[in-house]
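Novice: Just passing along the structure, written as C-alpha cells.
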Amino acid sequence: MAAVMPAAAQSRHLLSGNEAVARAAWEAGVKVAAGYPGTPATEMLEALSKYPREDIYTEWSVNEKVSLEVSIGASMAGSRAFCAMKHVGLNVAADPLMTLTLTGVNGGLVIAVADDVGMSSSQNEQDSRFWGRFAHVPILEPADSQEAYAMVGYAYELSEEYQVPVILRMTARICHVKGIVNVGARVPHKNLGFTKDAERWVMVPGHAKRRLPLMYQREQELRKLSEKTPLNILEPGTDRRVGFITSGPAYMHVREAFPDAPVLKLGMSYPWPLEKAKELEAMADLVVVVEETEPILELELNAAGIKAHGKDALPRIGELAPEILKPGVARLLAKEFTPPPAVAPVPVFPRPPTLCASCPHMGAYYVLSQLRNLTISGDIGCYTLGAGHPWNSLDSTICMGASMGVALGLDKGRSEADKNKRIVAVIGDSTFMHMGMQGLLDITYNRGIVTVLLLDNGAVGMTGGQNSPANGRDIHSQAAPRISFPKLVEALGVKPERIHVVDPYELPTLFKLLREETKIDDVSVIITNRPCVLIEDFKPLKPYMVDEDKCTGCGNCIEVGCPAIHVTRRGKEVKASGKEVDLAFTRIDSTACTGCGLCLQPCAPEAIMPYAPQNVISIQSV
C-alpha cells in the first residue's frame, strides 16, 4: 500500500475504518457528501459532518437513492462527491447506480458500502462485490483503517482518470475496529465545472446505446490496471502446501492463521488480476479463495481455468476467522484437525434485545398485545423489537417501508378464514419518510383497509438518534424545516377524520383509539408523538417505585415490557396444601426509570408510586 499512501504523513490518529474514510474524503477535497444512517456505515457521514462546513457540505438524505442522486449531481457539477450507506442501502440506490455506470462521472465519486458480515444489525447478509460485476465498476476492499484511509484517495484518482464511480466495500469489522492511521492535510480539489452534453447526461435509449460500448471499453482498461495496481499484492511464502487469494479483513485472518503461506491480496477485487492469480497458482500445491461471503471469485477463477477451492471447505455465512479457516483448510489437506481445548462458557442470565426504559414504542406494543384478531405488518427500526417478548406484536418485517405494501397485500389477499381479521401496519417516522410514503399512497389509491400506526419519536433511533425532517434539525443539529405528519398523510389521501395524533404514554386513550380505528373499513393513521428517550428532546420525569406491601405479583406491569421493571422474590409462603412457594413481587430500577408512567396504568393493586428513597426496601432479585 506504500504507493497509495500520502506523500508525507503529518500526524497519527487512532481511527475506526469509518473515521479513516471520512478523514480521507475530507483530505481529498470532497465538496459534497450524502448518506442515510445504517449500521455499520453511519459514522462515515457523522465524522464528515464535523469537518469545517466551508470545506464540505454534508447531509442526511431521506434515503440512499436520494443520497446517491445528490452525489451524482455534485459530480456532474465538477466537484468530488462521496456517498455512504450499508449494504441493503445500495439496493435502494441501484436505480441511479445502473445509469451512472453509463454516464460516468465528472468530479470523482466514491460510494462507500458497508457489508454487515454476520448480520449483527441487518435483516440479511449481502455481498456488495456483486455490484462490481453488475454495474461494471471497480471495487476496492481495505483490510484495516490505514488501508481504508489510503484507498479513498486512490479511489478519487481512479474515478476521475476513468470517469467511473468507485465502490469502496467496507465490512462491519473494518468500519468499527480502530487502528493507528497516518494522515495528511486537505488538498482542495479544483472544480471542473458542468458541461452541457445531452448525449451523455440525458439517458434516453438512443443515448444509452451509444454509451454502452464505452462502458465495456472502460471495463477492459480497468482489467489491465488490476494487474499493475499497487492495491493487488502477491506475497510469496515458504509453505507451498496452500496458497490463498483473499481480500478485505479476510486477509488479516489468513495471515494470522497461515503466516508462511503465499497470498494474493486483492485491494482491487474487481476487476481482479488473472495473471497474478496464475502466478499464485504456480507458488502453491492448492489454491484456496477466502472471501466473505459469496463464492464470487472462486467461481470466476475456476471458469478461467484456475483450480480453486473455497466454499467447499469454508462457510458462506459470517466472518472467516482463524478458528474457522484452520479446520476448513485441514479438511482440504485431508489431515485431522485437533481443535484447541474447549472453554466452558460463563453462565450468564439471558438478556434478549429489548426497547429502552420509557421508550414510547412500548405503549403502542402493549396496546397491540392486548387487542385480538389483528394481523400486524412491521418495519425496520427500533420498533422491530415489538416482535419479541413480552409483546409478540409483529407478524412480518421485510425491509425499509415494506409494512405499507405488505399491509395492503394482506388486506387484498386475505383468505376466507381471515376475512374478519383487521390489518395494522407499524412504521417509524424516519422509515416512513425513507420509503413508507409511497406505500401509504398505494394504500389510499387502491382503497385498502389498513390502520397505520406511525411511531414518531423524532429521531433515526436505531442507528443512534440521528436527525431527520421529523425533528426539524439537520446533520449539524441546526434548525431545518420540520415535516408535519398529519398534513403529509392527508396529502397522501388519508381523510382528515381518519388521522389521529396521540400520546403513547396514555394507554387508555391509545387503546380506545386503536380498537375503534381497526373496526373501520377505511385507511386510518394514528401518529404517536413522544421523543426517543436517548435524544435531547426527551425530558425525564420523576421515577417510580413499587410499594412492596401493596404489590400482589400480578405481573400486569411486566407486560408493558419495560427493562427497568424486575421480578423479585421475598421469602416463602406455605399454602393450605402444605406446599411452600416463593412470594413474587416486582421492583423498579429507579436509576433507569424516567417516569413515563406506562407501568402505573395497568397496575391493578395501585402498588406503583413516585420514587421516595426513604421507602426503598432491600429485596433479592432473581
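The values are calculated or read from the model by the stated rules, or taken from the named source; none is laboratory data. The model shown is predicted, which means the values in this text are computed figures rather than measured ones. With ideal geometry, Cβ positions are generated from the backbone for all residues, glycine too; neighbour counts draw on all protein chains shown.
Novice: Pick out the one residue from 33, 2, 81, 7 that is modelled with pLDDT under 95 and either in contact with a strand residue (DSSP E or B) (Cβ under 9 Å, 6 or more places away or on another chain) or closer than 24 Å to residue 171 by Cα (or both).
Specialist: Numbers: 33 fails: modelled with pLDDT under 95; 81 fails: modelled with pLDDT under 95; 7 fails: either in contact with a strand residue (DSSP E or B) (Cβ under 9 Å, 6 or more places away or on another chain) or closer than 24 Å to residue 171 by Cα (or both).
Exactly one of 33, 2, 81, 7 is modelled with pLDDT under 95 and either in contact with a strand residue (DSSP E or B) (Cβ under 9 Å, 6 or more places away or on another chain) or closer than 24 Å to residue 171 by Cα (or both), namely 2.
Novice: Looking at 179, 118, can you tell me which residue is of a type outside the set (Ser, Thr, Tyr) and part of a strand (DSSP E or B)? Please lay out each step first, then the result.
Specialist: Values: 118 fails: part of a strand (DSSP E or B).
Result of the check over 179, 118: 179.
Novice: Do we find that residue 68 is closer than 28 Å to residue 265 by Cα and aliphatic (A, V, I, L, M) in this structure?
Specialist: Details: closer than 28 Å to residue 265 by Cα: no; aliphatic (A, V, I, L, M): yes.
Here the answer is no, as residue 68 does not meet what is asked.
Novice: Continuing with the same structure: Which one of the conditions (1) in a loop (DSSP other than H, G, I, E, B); (2) touching a residue at least 40 places away in the same chain (Cβ under 8 Å); (3) within 25 Å of residue 592 (Cα to Cα); (4) not β-branched (Val, Ile, Thr) does residue 519 fail to meet, given that it meets all the rest?
Specialist: Looking at each condition in turn, residue 519 falls short on (3).
Novice: Please work out if residue 459 is aliphatic (A, V, I, L, M), out of contact with any strand residue (DSSP E or B) (no Cβ under 8 Å at 6 or more places or on another chain), assigned by TED's automatic domain parsing to the domain that holds residue 418 and buried (at least 18 other Cβ atoms within 10 Å of the Cβ). Reasoning before the result, please.
Specialist: Working: aliphatic (A, V, I, L, M): yes; out of contact with any strand residue (DSSP E or B) (no Cβ under 8 Å at 6 or more places or on another chain): no; assigned by TED's automatic domain parsing to the domain that holds residue 418: yes; buried (at least 18 other Cβ atoms within 10 Å of the Cβ): yes.
Judged against the criteria, residue 459 is not a match.
Novice: Are there any pairs with C-beta distances below 7 angstrom linking a residue in region 303-317 that is touching a residue at least 40 places away in the same chain (Cβ under 8 Å) to a residue that is among the hydroxyl-bearing types (Ser, Thr, Tyr), with the two at least 6 apart or on different chains, and if so which?
Specialist: 317/293
Novice: With 17, 29, 73, 89 as the choices, which residue is on the phi > 0 side of the Ramachandran plot and of a type outside the set (Asp, Glu)? Outline the logic, then answer.
Specialist: Values: 17 fails: on the phi > 0 side of the Ramachandran plot; 73 fails: on the phi > 0 side of the Ramachandran plot; 89 fails: on the phi > 0 side of the Ramachandran plot.
Result: 29 is the single residue among 17, 29, 73, 89 that is on the phi > 0 side of the Ramachandran plot and of a type outside the set (Asp, Glu).
Novice: How many of the residues making up region 500-516 are more than 11 Å from residue 596 (Cβ to Cβ) and either among the charged types (D, E, K, R) or not assigned by TED's automatic domain parsing to the domain that holds residue 449 (or both)?
Specialist: Our first condition is that a residue be more than 11 Å from residue 596 (Cβ to Cβ); within region 500-516, this holds for 500-502, 508-516.
Right, trim to either among the charged types (D, E, K, R) or not assigned by TED's automatic domain parsing to the domain that holds residue 449 (or both) and you get 512, 515-516.
Qualifying residue count for the region: 3.
Novice: Inside region 451-468, can you point out the residues that are under 23 Å from residue 377 (Cβ atoms) and in contact with a Leu (Cβ under 8 Å, 6 or more places away or on another chain)?
Specialist: Within region 451-468, 451, 452, 453, 459, 461 qualify.
Novice: If you scan region 187-221, which residues turn out to be under 20 Å from residue 155 (Cβ atoms), modelled with pLDDT of 95 or more and either in contact with a Lys or Arg (Cβ under 9 Å, 6 or more places away or on another chain) or surrounded by fewer than 17 Cβ atoms within 10 Å (Cβ to Cβ) (or both)?
Specialist: Those that are under 20 Å from residue 155 (Cβ atoms), modelled with pLDDT of 95 or more and either in contact with a Lys or Arg (Cβ under 9 Å, 6 or more places away or on another chain) or surrounded by fewer than 17 Cβ atoms within 10 Å (Cβ to Cβ) (or both): 220, 221.
Novice: Still on this structure, please answer the following. Return the residues of region 81-91 that are buried (at least 24 other Cβ atoms within 10 Å of the Cβ) and not small (Gly, Ala, Ser); say none if nothing qualifies.
Specialist: Applying the first criterion (buried (at least 24 other Cβ atoms within 10 Å of the Cβ)) to region 81-91 yields 81-87, 89-90.
82, 83, 85, 86, 87, 90, listed by residue number.
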